[in-house]
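Report on one structure; see the data block that follows.
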Amino acid sequence: MSVRSMAILTDVSRCIGCEECVQACKRANHLGDDRPYGWQDDATALSAERWTTIVRAPRGRYVRLHCRHCLEPACASACPVGALRRSEWGAVTYDPDICMGCRYCMVACPFLLTRYEWASPTPRVRKCILCFDAIREGRLEEPACTAACPARATVFGERDELLAEAWRRIESSPGKYLHRVWGEHEVGGTSVLYISDVDLSSAGWSHDLRRHSYPALTSRVLKTVPATFVGVSAAMFGLSWVIGRRMKLAARGTEPAAEGARRGGEE
Amino acid sequence: MNQQVNVRLAVTRTILWGVLGAGMAVAVVRFLRGLGVTTALTDLTPWGLWVGFDVVSGVALAAGGFVIAATVHVFHLRRYQPVLRPAILTAFLGYVAVVIGLLVDLGRPWNIWRPTVFWQPHSALFEVAWCVMLYLTVLALEFAPVVFEGIGLTRAYRFLKRLTLPLVITGIALSTLHQSSLGTLFVINPGRIHPLWWSPILPLIFFVSAVALGLAMVTLESVVSSWLFHKEAEWPLLAGLGRAASWVLVGYLALRLADLGWRGSLRFALEGSGLAALFLVELTISTVLPILLFTLPSLRQSRRARGWGAALVVGGFVLHRVTVAGIGHTRAAGEVYLPALSELIVSLAVVAGMALVFLFFVENLKVWDEIPPRPDHFRSPTTDPVSRVLVRAPWWGAVQQAAGAWVVGAILGVVILEAGAGHGAAARPDPVVGPGAIGIRRIPNGGGPGVRLVLAGAGDPAPAADVALSTALLLDGNGDGRYVLFEHELHQARLGGASSCERCHHRTVPALRATSCTRCHRDMYAPTDTFNHARHAAAVGGNRSCERCHPAGAAKVRAASEPCVSCHRQDQVRPAPFPVTLALGEGIAPPYRTAVHGLCVDCHRRQEAALSLRDPYLSRCPTCHRGSGDRTELAVRRGWTVAEGRPRP
């Protein structure tokens, strides 16, 4: 995999919970004010108007939540129209003009981090897109959130380099961090990596997560589709022909033909 | 027969029209105001009844079409011919119902055509979409001969009849694919669905249950139709279907238990939770009871047992599918989805609509051999040749009845929606809690930068005589117990003392020097309308003085009225942080959070620019939203600590 893949590394031990990233995200993506709607826990939870938010982890740590930009995104694989795509450098983007609103992406997301505009009659899926449009058009050099972080707790860069940096930090201060980079292997790898001095299982990294790619769970089944179609059709034609022929032969043996055929079919 | 009024049919039809009316009323609100007001769906449980029942169950309820078609045309069991036409019709209408249910559920239904053009073969839903589309076409072609026969298109009838076998076999293959693919939909996210339901072999489980469901549905509709039309059901055939169904059900039960056992998930069935109970109930009514009803020697000859058995299978498997598609998604989400009444009504209305079409076809085409079509029934209305007055057709009474039921239903549909649904989703109110006051001391930080803030009282270590006690405000607008310690006296002193109120405060309330923020900004997240019409009307002279504010001839709405400042000019203070403007929306106070952030952060930002060297972080969140000292780097850098365990005011 020599494709250039960009990523975000968040060092939970450095996050001061100031929410500058949240405000920067809101400005960059023109998101509205938070509202405590009935379908979210509280107004500061991740929502259609809040693509990144800060949650509490044990020992008073803050953890920033937002789309993890999986290397093999389940949402993009689930989308029946191709509205969600992984861009060439790793951002998982969304095109509302294509979307038909089935919300299968939300069902498929292993981290449950996609949000929806439930209040709108023309709803869109809402999630972090790593400021993809702004970066492509040259308005931003890096996502607004990482640029805004005053503590450099969340940084943007090449995934390989950030992964190396993460391990360098872990190795260089023994005992400080847990010996793990969240996102290195989970669900086949994500472009949003975390290192932390506390366990993150209560902050969006469930113990249930598997280490393999989630789209593979489906593609394994879908691979059998053409064979099933041909196989079932052939078997049915065969059965129909064999049974029909046996009934015809039975009918020829017994008279009257029609009655015999009927009874033959019944037994 | 034709002349007799069938009471059962008339009552059933009236109820169906009522349900249809209720569902259509809800659907109108859903399309105008979105899913938020009409469903119980959330970001964590984005699929519910409309997917679980209308789509995932609907497709399986229509499985009778391919099962009976295979029985008759592939296995040549011609004696099942009498139930084939109703089965095909149910299947066709079932798939139409699926598409209608999907259109209601889709957020952006105008893009429903896209999977046909922009292929995404890696998506299970894409495959389901294609199969449903193709199979709907196949079903239309399979049922079309009945229509052609009814309206006398003999050549088209003969042509399609010759295509029967290829059509049937294509239908079987397509059904095999998408009945199982509905299960594939849920394979992609093992962490989301409770382990009693998630399984890598969900495709197989869904296919087997669809076969059983198809057999049960054919039985059920035969029993219901015989009751509705006072005819004898095809009991010998239904006995055969029951036998076949019990074999399939035994296989299904074995499959489910083996799968759960192999994955080690069977223990969850006895964990005593609500979902465990749901699992046991579901398995009992979908398989265990029907197997007993279909096979116990004392029961299997009973017609009633056969009807109930089929009904239990249908109910049980619908429960299974709604659970897999929505209710069971509680594991990772940690929250429970239960459908809203408005969702239920729409789902029922889709079924009711299809049932009405079904009855129409049964009465006007040859669907059942025993129920002859009634060509006279829908004769077009005629006029009296002399008077030119419309002569009432015999069906006119039925139309009136249906329309009446529809209207009553629509009214009920509006009633069950939550209040205000017509205006769109409303956020929960979050009334602001006013500030409390507390004594603090500012102590020099022994050599370090800044000062230490110490709460007076319990935690006060050394109340030095030269450190004055001052009063600070504890701001906690949303009442969550996390305060902002606001040193009101300090701010007042820095901004110019006793005459500086208007640097921060409005003075719009007459005779008040400073109006507290929470007096008008009464909700954390929603604007507050602070204008009291009755009071103003009384003050300017009651009913005869409307024109004082509302110009003659203009609509009496706020936008067309005199601005408040035309009277309240003396209350406007300059320079004010919030100049009272003449803009629209006057009299509306922004949310508390917006107002207070706007006030504090703007000023801090200006100060930050002026004092960049001394305090480069003045406008940042932790300046005010201080943690408990040890973990907010910024607070520590500023040398501020606040004693732990702040008492509530």
Add +1 for every Lys or Arg and -1 for every Asp or Glu among the other residues with Cβ under 14 Å from the Cβ of residue A:227, and state the total.
+1
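To the nearest whole number, what is the average tally of beta carbon atoms from other chains within 10 Å of the beta carbons of peptide A:39-52?
On the way: counts 12, 5, 5, 6, 8, 2, 2, 2, 1, 1, 0, 0, 0, 0.
Going residue by residue through A:39-52 and averaging, the value is 3.
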How well do other chains shield peptide A:17-26, expressed as the mean number of their Cβ atoms within 10 Å of each residue Cβ?
3
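Can you compute the charge dipole magnitude of the range B:136-273 about its Cα centre, using +1 on each Lys and Arg Cβ and -1 on each Asp and Glu Cβ, nothing else charged? Give it in debye, rounded to the nearest 20. Show your work: numbers first, answer last.
On the way: 10 positive and 7 negative charges, 57 e Å.
Around 280 debye, computed over the range B:136-273.
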Under the Karplus relation 6.51 cos²θ - 1.76 cosθ + 1.60, θ = phi - 60°, what is the ordered set of whole-Hz ³J(HN,Hα) values for the range B:514-524, x standing for Gly and Pro?
9, 9, 6, 4, 6, 5, 10, 7, 9, 10, 4
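Once you wrap a convex hull around the alpha carbon atoms of the range B:162-259, what is its projected area averaged over all directions, in nm²?
On the way: hull surface 34.3 nm².
The Cα convex hull of the range B:162-259, projected and averaged over all directions, gives 8.6 nm².
Quantify how strongly other chains surround peptide A:208-221 by giving the mean number of their Cβ atoms within 10 Å of each of its Cβ atoms. Walk me through the numbers before you get to the answer.
Numbers: counts 6, 3, 2, 0, 0, 0, 5, 3, 1, 7, 13, 5, 3, 13.
Mean inter-chain Cβ contacts per residue within 10 Å come to 4.
How big is the dipole moment of the range A:1-73 about its Cα centre under a simple scheme where the beta carbon of each Lys and Arg is +1, that of each Asp and Glu is -1, and everything else is neutral? Debye, nearest 20, please. Present the calculation step by step, with values, prior to reporting the outcome.
Details: 11 positive and 9 negative charges, 56 e Å.
The calculation lands at about 280 debye.
Once you have a ≥ b ≥ c as the square roots of the Cα gyration tensor eigenvalues for chain A, tell me rounded if a/c is under 1.5, and otherwise prolate or oblate according to whether a/b is larger than b/c.
Numbers: a/c = 3.07, a/b = 2.43, b/c = 1.26.
Taking the square roots of the gyration eigenvalues as a ≥ b ≥ c, chain A is prolate.
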Counting only Cβ distances under 4.7 Å between cysteines, those in chain A with no partner are A:15, A:25, A:70, A:79, A:99, A:102, A:109, A:131, A:149
Cα convex hull volume per residue for the range B:40-339 (Å³):
147 Å³
What does the convex hull of the alpha-carbon atoms of the range B:479-567 project to on average, in nm²?
8.4 nm²
Gyration tensor verdict on the range B:192-308 (Cα atoms; rounded if a/c is under 1.5, prolate if a/b is larger than b/c, oblate otherwise)
prolate
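May I ask you to sort A:247, A:106 by Cβ crowding, counting other Cβ atoms within 10 Å and putting the fewest first? Before the final figure, lay out the partial values.
Numbers: A:247 18, A:106 25.
With the fewest neighbours first, A:247, A:106 line up as A:247, A:106.
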At 222 nm, what value in deg cm²/dmol follows for chain A if DSSP H runs of at least 4 each add -39500 (n - 2.57) and the sum is divided by all its residues, to the nearest 500?
-10000 deg cm²/dmol
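Pull out a ≥ b ≥ c, the square roots of the eigenvalues of the alpha-carbon gyration tensor of the range A:100-208, then state rounded if a/c is under 1.5, prolate if not and a/b is larger than b/c, and oblate in the remaining case.
Numbers: a/c = 2.44, a/b = 1.45, b/c = 1.68.
In terms of gyration-tensor shape, oblate.
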Taking amide H positions as placed 1.01 Å from N in the peptide plane, with prolines and chain starts having none, which residues 5 or more places from residue A:178, or on another chain, fall under 5 Å of its amide H?
A:196, A:197, A:198
About the Cα centre, and with charges only on the beta carbon of Lys, Arg (+1) and Asp, Glu (-1), how big is the dipole of chain A? Nearest 20 debye, please.
660 debye
Taking chain A as a Gaussian network, where each spring joins two C-alpha atoms under 10 Å apart, which residue of A:102, A:145, A:25 fluctuates the most?
A:102
What order do you get for A:196-202, B:130-136, B:550-556, B:317-323 when each peptide is scored by the mean count of other beta carbon atoms within 10 Å, highest first?
B:317-323, B:130-136, A:196-202, B:550-556
GNM on chain A, Cα springs under 10 Å; top mean-square fluctuation among A:120, A:77, A:219 goes to A:120
Kindly state, as a whole number, the per residue volume in cubic angstrom of the convex hull around the alpha carbon atoms of the protein assembly as shown.
246 Å³
Alpha-carbon centroid distance for the pair the range B:48-82 / the range B:136-175, whole angstrom:
16 Å
Could you pull out the pairs from A:127/A:176; A:26/A:176; B:161/B:231; A:26/A:127 whose alpha carbons sit more than 22 Å apart here?
A:127/A:176; A:26/A:176; B:161/B:231
Just order B:338-349, B:226-237 by mean Cβ neighbour count inside 10 Å, highest at the front, would you?
B:338-349, B:226-237
Value of Rg/Rh across the range A:1-77 [Cα atoms, Kirkwood radius]
1.01
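Where a number appears in this text, it was derived from the coordinates with a stated rule and is not lab data. None of the values given here were measured: they were computed from a predicted structure. Don't worry about glycine lacking a Cβ; one is built from the backbone with ideal geometry, like all the others, and counts go over all protein chains shown.
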